[in-house]
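*Asks:* Here you go, one structure.
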Amino acid sequence: MTTETGTTERGAANGGGDVLLEMRGLRIEGQSDEQWSDIVKGLDLTLRRGEVLGLIGESGAGKSTMGLAAMGYARPGCRISGGSILFDGMDLMTASEDQKRSLRGARIAYVAQSAAASFNPAHKLIEQYAEMPVRHGLKSRTEANADAVELFGRLRLPDPEGIGFRYPHQVSGGQLQRAMTAMAMSCRPDLIIFDEPTTALDVTTQIEVLATIRDIVDQFNTAAIYITHDLAVVAQMADRIMVLRYGELVEEAETRRMLSAPTQDYTKSLWAVRSFQKQAVMAPEEATPLVKVDHVTAAYGDTPVLHDISFEIHRGRTVAVVGESGSGKSTTARVITGLLPPVSGQVLFDGKPLPGDYRQRSKDQLRHAQMIYQMPDTAINPRQRVRDIIGRPLSFYLGLNGREREQRVRGLLEMIELDPDAFIDRFPGELSGGQKQRICIARALAAEPAFIICDEVTSALDQLVAEGILKLLDRIQRELNLAYMFITHDIATVRAVSDEVIVMYQGRIVEQGPKDEMFTPPHHDYTDLLLSSVPEMDPDWLDTLLAERAARKERGESVMASGDQ
Amino acid sequence: MTERTETDSSLSASEAFVPAVRAGIWSVVGRELWKAPFSAKFGLLVVVAYVVVAVFAPVLAPFGESEIVGSEYEPWSEDFLLGTDNLGRDMLTRLIYGARNTIGIAFVTTCLAFLIGGFGGILAAILGGWTDQLLSRLVDVLMAIPQLIFALLLLTIVGTSVPALVGIIAVLDSTRVYRLARAVSMNVVVMDFVEASRLRGEGIVWIATREVLPNILPPLAAEFGLRFCFVFLLISALSFLGLGIQPPTADWGSMVRDNATLITYSDITPLLPAAAIALLTVGVNFVVDWFLHKSSGLRDDH
Amino acid sequence: MYKIVKMVAQRLALGLVTLFVVSLIIFLGVELLPGDLAQEILGRSATEETVAAFRRDLGLDLPPHTRYIEWLAGIVQGDFGRSLASQREISELIGVRLQNTLFLAALAAIISVPLALFLGVMAALYRNSVYDRAVNVVSLSAVSFPEFFIAYILILYLAVKFPWFPSLANVDPTTPLMERAYRSFLPALTLTLVVVAQMMRMTRAAIINLLASPYIEMANLKGLSRSRVILYHALPNAWAPIINVIVLSLAYLIVGVVVVEVVFIYPGLGQLIVDSVRTRDIPVVQACSLIFAATYILLNLTADVLTILTNPRLLHPK
């Protein structure tokens, strides 16, 4: 059982290996609008043989650019402008294109974020696998094919003999990602760059990919740079972690030390995000729920997407709806808002049924249910000023105009903690992501609603900013006694904000109840799979989980397979 | 209160990187112009020059538009800087008036095409469903016939006159505008802010004019330049074929045709109106090329 | 495989429907005219009898759907009716001219397609080089030139100042092939110049778009040679865009032919349609329009079908 090998062991065993990759004072510039600006500002990086280094940071931290630079590669529109890159004694800054080409694939391999886009649609997987060893003159075609079958098997792909003869679009996302890892391994390189390999996958699929990546890297004692924005993931994978921000190093330490004793404020704040906890709200006393979804079944055309959904939301409380992509959680929101009229069943507001189609609802019915979206960038019109974005619901619903409206807009800006004088005249392009999301909140509040649907409101935001948004929503809820429906795939967010939890899977509610109950076993099988698949900060989490699942399987208990198998 | 300051500090820390540049629009335009490549500056200069000539044609032209001032095909001289045409009218005068007529008619046609196609495209994108299907299929069919051929067919039926010309080409060209307007509007319509305004209960007019239109102006502006060139060339071609702008109105396409015989005598005069057409389209194309490059932030090298 | 057959069949059926609707538009366009067509064409001075005879000639006294069905049935059998101006069989007028036009278009296509693809691919591979920038400016200018401008410049230099080629392309069915090609050289060159610029720009854009795909970056990161990346990874996915570029250009040639034929007084279909528009010889214009439109639709149909047939995702369904 290779999974038994813990990260600590690995780190210790290889701590003394020779230096494989060394970057000193690396500077990379990117071109935008005819001007060059720094993306990576003088970073140092050292990687030993067999070591796994985690590069973590928010979007724009320069981590992917760094990863590619390790291969002596800069994307078009970028250039490596200074510093040195030494790979096993070879200076990649001065190496010729041919020298770098003989290195790429053979000794340094790359695993891209989206395997679906990075495999060539015109060729079979095994052809793309065999291409590297054959072209680099390492193996014959037959040897490479045999090796492919062997590695596909080791990466636990179903039907290792046959899967290689399929085309990329005939294979699922999680399997493709593993096939790409196999491909990266085909020349048995010294170093593999993993560029967010699981970001595009669902949590239950992610876990299998993470486990196999770790195994294979372990088995061949390959060094790796693991790039991700997910702290919990990097904690499972890396021996050592570097935290990047705006192209600069914030902190670097061995994984366990980094998790237990971060020294920098920024790092601490990243770790602290998940500590936010909503104050418990008393169970509802009123008999009529504010929103009642009553036996709703819905379909897109002929494809059924929701099956007999029922739940209630009470004033002042937050109901979190969790599930993976395709579970029907966003569709439920579309039914409630009236964008998708249900096939059967109905939605009641304050005891009275709402028309299924939003176009038949009264202004007042529309006003009372507001929505906050996942992507603040697309949720507000980039051609309108903040004043008009927030002001429109005021004049549309409440008939406010002129000075009155202005006063109210300013009041709302204060409520969402943005300085009215500084922000009221701005266009969305002059706001950061978190500020845009605050404007969206203000726009929803301007309608003076009783109920707000929050659709993945924090998932497009950096963790720090996300926490600020969660706190803000929580404060407003208490002040205005609002009901929230919180759609998310992130279990940590559920723990932080919810009073009640609904778990959805393939268009059905598999389990629902108060938060405390939901997070205490026994669970429904799927809930169990979902909850247990969410990575935790603990570096031993993946080992423990895999051991536990193996043990349960041995005892003959049912373990629900992730959807990707 | 403590919570408030906490959030604020985290805000200032993580959200400091916001471009808060809000320079005046004219200074921005000026700076962009200064940085523009030579081809764009050249193009802009050409367009401005043509507009000036078109507007001040009666002031600039030495003679009246269809005034016969000399004998046929007189060579270049002090009296007639560019000689005279097949009827003895001053070539330079005809060229100057030609700018006014040809550009003016092409401009009006393009505007009309944008009104029809742009409005239809936005509407199709917002309403979707049957409206979209109906309009799109209609446009498909209209586009299945080559534009010049379709124009010839319609001109045969209704006869050649300026209103007929403008109307026919505007309708035919509006299909291209429709396609573009619909495509770019589609990209906007799927955005959450449009959904938000639908759910607010806004009407179609508000959504079309306040939410969608401002966001599709840059691509539409670029397309306007391109469509103008196309319409301008099409009208010139029709006039050249004798089926466009009719005499005695001065027009570049028909000027080439009327004086083409001179070319066999190695006289370049008939090429001048053709060159005038080419120069303007080149100018507009250069400006549009630069504008597209700028507004999309598109670099070829991705 | 079944899916592909179904998609191709659907596309073919759609093409047929389009052709039908287009024929309907071309025929019924005449009905758009306010008032009486015969009166309009013959002028105010025409007598009652002339107008009545004219109406009978055109079959205007019959209801539109009857006329349409007769017209369509005739065309299917190769009978396009009679010309109003010359009273000759339209099929007779068209026959030779159609061949001439196709010859001219084919000549231009043979020169322009390989040339444009080569120039476009080179510009894409060496993008932002001096070559690319120069090609961009030149091609942008060339697409802005009216066809007759290019045509007269060629005449001025290649027929008048240096009398190497004839400025009038008078060919007839007895002209031998080489002689025919020689006489058609200037019109073919004009068309080539116009189309190459257009086509080259489209090729360049399509290839650049293709090279930006993640799987091309992956191929580079696999340490493959440049030729391997282009030939093995880019090319199999490039068919669809390239086919589209070629077909669009051919469609453009079909239209461009009209003006060029008039300049060089080349006895083709374009010349015929222009003359017929002048004399308002409606049956001839309808026949020519239908032929042009049918060619155009056929080209687009070919492009769509080939695009389906070269799509790896469709060739190997799940």
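The values are calculated or read from the model by the stated rules, or taken from the named source; none is laboratory data. What you see is a predicted model, and the numbers here were worked out from it, not measured in a lab. In this analysis, Cβ positions are derived from the backbone assuming ideal geometry, glycine residues included, and neighbour counts consider all displayed protein chains. Ligands, DNA and RNA are excluded from the accessible area calculation, which covers all protein heavy atoms including side chains. Shrake-Rupley method; radii C 1.70, N 1.55, O 1.52, S 1.80 Å.
*Asks:* Can you tell me which of B:230-243, B:137-150 comes out highest on packing, and rank the rest after it, using the mean Cβ neighbours within 10 Å? Let's see the in-between values first.
*Replies:* Details: B:230-243: 24.5, B:137-150: 19.3.
Per-residue Cβ counts within 10 Å, averaged per peptide and sorted highest first, yield B:230-243, B:137-150.
*Asks:* So how far apart, in nm, are the two label points at C:Ile69 and C:Ser225 if each is 7 Å from Cα heading toward Cβ?
*Replies:* Each label point is offset 7 Å from its Cα along the Cβ direction, giving 6.8 nm.
*Asks:* Treating only the Cβ atoms of Lys and Arg (+1) and Asp and Glu (-1) as charged, compute the dipole magnitude of the protein assembly as shown about its Cα centre; round to the nearest 20 debye. Walk me through the intermediate numbers first.
*Replies:* Working: 105 positive and 126 negative charges, 217 e Å.
The dipole magnitude comes to about 1040 debye.
*Asks:* Right, another one. D for segment A:122-164, whole µm²/s, Stokes-Einstein with Kirkwood Rh over alpha-carbon pairs at 37 °C and 0.692 mPa s: what number? Walk me through the numbers on the way to the answer.
*Replies:* On the way: Rh = 10.3 Å.
The diffusion coefficient I find is 319 µm²/s.
*Asks:* Hey, for a label at A:Lys363 modelled as a point 7 Å past Cα toward Cβ, could you say which residues of segment B:195-219 have their backbone N under 17 Å away?
*Replies:* Counting only backbone N, you get B:197-207.
*Asks:* Rounded to the nearest 20 Debye, what is the dipole magnitude of segment C:94-282 about its Cα centre when Lys and Arg each give +1 and Asp and Glu each give -1 at the C-beta?
*Replies:* Details: 13 positive and 8 negative charges, 104 e Å.
In total the dipole reaches around 500 debye.
*Asks:* Which three extents, in angstrom, do the Cα atoms of segment A:161-305 have along their principal axes, listed largest first?
*Replies:* The principal-axis extents, from largest down, are 65, 50, 27 Å.
*Asks:* For segment C:94-282, compute Rg over Rh where Rg is the Cα radius of gyration and Rh is the Kirkwood radius from the inverse mean 1/r over Cα pairs.
*Replies:* Working: Rg = 19.7 Å, Rh = 18.2 Å.
Value, to two decimals: 1.08.
*Asks:* Now for a different question. If you take the Cα Rg of the protein assembly as shown and divide it by 2.2 N^0.38 Å, with N the number of residues, what do you get? Show your work: numbers first, answer last.
*Replies:* Working: Rg = 35.2 Å, N = 1185, 2.2 N^0.38 = 32.4 Å.
Rg over 2.2 N^0.38 Å, computed on Cα atoms: 1.09.
*Asks:* What nm distance separates the two modelled labels at A:Arg403 and C:Ile111, each placed 7 Å from Cα along Cα→Cβ?
*Replies:* Label at A:Arg403, label at C:Ile111, 7.7 nm between them.
*Asks:* Can you say what percent of the DSSP beta bridges in the protein assembly as shown, counting only those with both residues inside, are antiparallel? Round to 5.
*Replies:* Working: 50 of 87 bridges.
Of the beta bridges lying entirely in the protein assembly as shown, close to 55 percent run antiparallel.
*Asks:* Would you please state the base-10 log of I(q)/I(0) at q = 0.09, 0.11, 0.12 1/Å for chain C, with intensities from the Debye formula using one equal scatterer on every alpha carbon?
*Replies:* Values, matching the q order: -0.63, -0.87, -0.98.
*Asks:* Starting from 0 in steps of 5 Å, tell me what percent of the Cα-Cα pairs of segment A:97-246 lands in each bin.
*Replies:* Percent of Cα pairs in each bin: 2, 10, 20, 23, 22, 13, 7, 3, 1, 0.
*Asks:* So which lysines pass the test for C:Lys3, namely a Cα distance under 22 Å, with those fewer than 8 places away in the same chain ruled out?
*Replies:* Once the sequence-local lysines are set aside, what remains near C:Lys3 is A:Lys124, C:Lys318.
*Asks:* If you don't mind, there's one more thing I want to ask. Under a straight-distance cross-link criterion of Cα-Cα below 16 Å, which lysines are reachable from A:Lys363, leaving out those fewer than 8 residues away in the same chain?
*Replies:* Within the straight-line cut-off, A:Lys363 pairs with A:Lys352.
*Asks:* Given only helices, namely DSSP H runs of n ≥ 4 each adding -39500 (n - 2.57), what is the per-residue ellipticity at 222 nm of chain C, to the nearest 500 deg cm²/dmol?
*Replies:* Values: 14 runs with 231 residues, N = 318.
Theoretical 222 nm ellipticity from helices: -24000 deg cm²/dmol.
*Asks:* How would you rank C:304-317, C:109-122, A:496-509, highest first, on the average number of other Cβ atoms within 10 Å across their residues?
*Replies:* Numbers: C:304-317: 16.4, C:109-122: 18.3, A:496-509: 22.8.
Highest-to-lowest ranking by the protection proxy: A:496-509, C:109-122, C:304-317.
*Asks:* Moving to a separate point now. If you count, for every residue in B:184-197, the Cβ atoms of partner chains within 10 Å of its Cβ, what is the mean? Can you show the working numbers first?
*Replies:* On the way: counts 0, 0, 0, 0, 3, 0, 1, 8, 13, 14, 3, 8, 14, 4.
Other-chain Cβ atoms within 10 Å of each residue's Cβ, averaged: 5.
*Asks:* Determine which lysines satisfy two conditions relative to A:Lys471: a Cα distance under 24 Å, and not lying fewer than 8 residues away in the same chain.
*Replies:* A:Lys268, A:Lys278, A:Lys329, A:Lys436, A:Lys515
*Asks:* With the radius of gyration and the Kirkwood radius both derived from the Cα set of chain A, what is their ratio Rg to Rh? All intermediate terms of the calculation are to be shown ahead of the outcome.
*Replies:* Values: Rg = 25.8 Å, Rh = 25.9 Å.
A ratio of 1.00.
*Asks:* Taking the dipole about the Cα centre of the protein assembly as shown, with the C-beta of Lys and Arg at +1 and of Asp and Glu at -1, give me whichever of A:Ile28, A:Thr46, B:Val69 is farthest to the positive side.
*Replies:* B:Val69
*Asks:* Under unit Cβ charges (Lys, Arg +1; Asp, Glu -1), what dipole magnitude, rounded to 20 debye, does segment A:125-188 have relative to its Cα centre? Let's see the in-between values first.
*Replies:* Details: 8 positive and 7 negative charges, 35 e Å.
I would put it at about 160 debye.
*Asks:* Now for a separate question. Averaged over A:92-101, how many beta carbons belonging to a partner chain fall within 10 Å of each residue's beta carbon? Numbers along the way, then the final one.
*Replies:* Numbers: counts 0, 0, 0, 0, 0, 1, 2, 0, 1, 6.
Taking all residues of A:92-101 together, the mean is 1.
*Asks:* Then there is this: Between A:Gly162, A:Asn145, A:Gln177, whose Cα lies farthest towards the positive end of the dipole of segment A:125-188 when Lys and Arg beta carbons carry +1 and Asp and Glu beta carbons carry -1, centred on the Cα centre?
*Replies:* Highest projection toward the positive end goes to A:Gln177.
*Asks:* Let me check the size of segment A:228-280 from its C-alpha atoms; what are the radius of gyration and Dmax in Å?
*Replies:* Calculated on Cα positions, Rg and Dmax stand at 11.9, 40 Å.
*Asks:* Where does each of B:Glu72, A:Glu248 land when they are ordered by accessible area, with a 1.4 Å probe and the largest first?
*Replies:* Working: B:Glu72 125, A:Glu248 95 Å².
These residues rank, largest area first, as B:Glu72, A:Glu248.
*Asks:* Let me ask something else. Per residue of C:209-215, how many C-beta atoms from partner chains lie within 10 Å of its own C-beta, taken as a mean? Walk me through the intermediate numbers first.
*Replies:* On the way: counts 2, 0, 4, 4, 5, 9, 12.
Other-chain Cβ atoms within 10 Å of each residue's Cβ, averaged: 5.
*Asks:* Which value at 222 nm does chain A reach when only helices count, each DSSP H run of 4 or more adding -39,500 (n - 2.57), with the total divided by all residues and rounded to the nearest 500 deg cm²/dmol?
*Replies:* Working: 24 runs with 222 residues, N = 565.
Using -39500 (n - 2.57) per qualifying helix, the result is -11000 deg cm²/dmol.
*Asks:* Between 0 and 90 degrees, rounded to the nearest ten: what's the tilt of helix B:25-35 against the longest Cα principal axis of chain B?
*Replies:* 60
*Asks:* Please give the peptides A:340-347, A:100-107 ranked by average Cβ packing (other Cβ atoms within 10 Å per residue), highest first, as a rough proxy for protection. Write out the running numbers ahead of the final one.
*Replies:* On the way: A:340-347: 17.4, A:100-107: 20.5.
Descending packing order for the listed peptides: A:100-107, A:340-347.
*Asks:* Would you mind calculating the relative contact order of chain C from Cα pairs under 8 angstrom and at least 6 residues apart, reporting the percent as a whole number?
*Replies:* Details: 310 pairs, mean separation 87.1, N = 318.
Worked out over chain C, it gives 27 percent.
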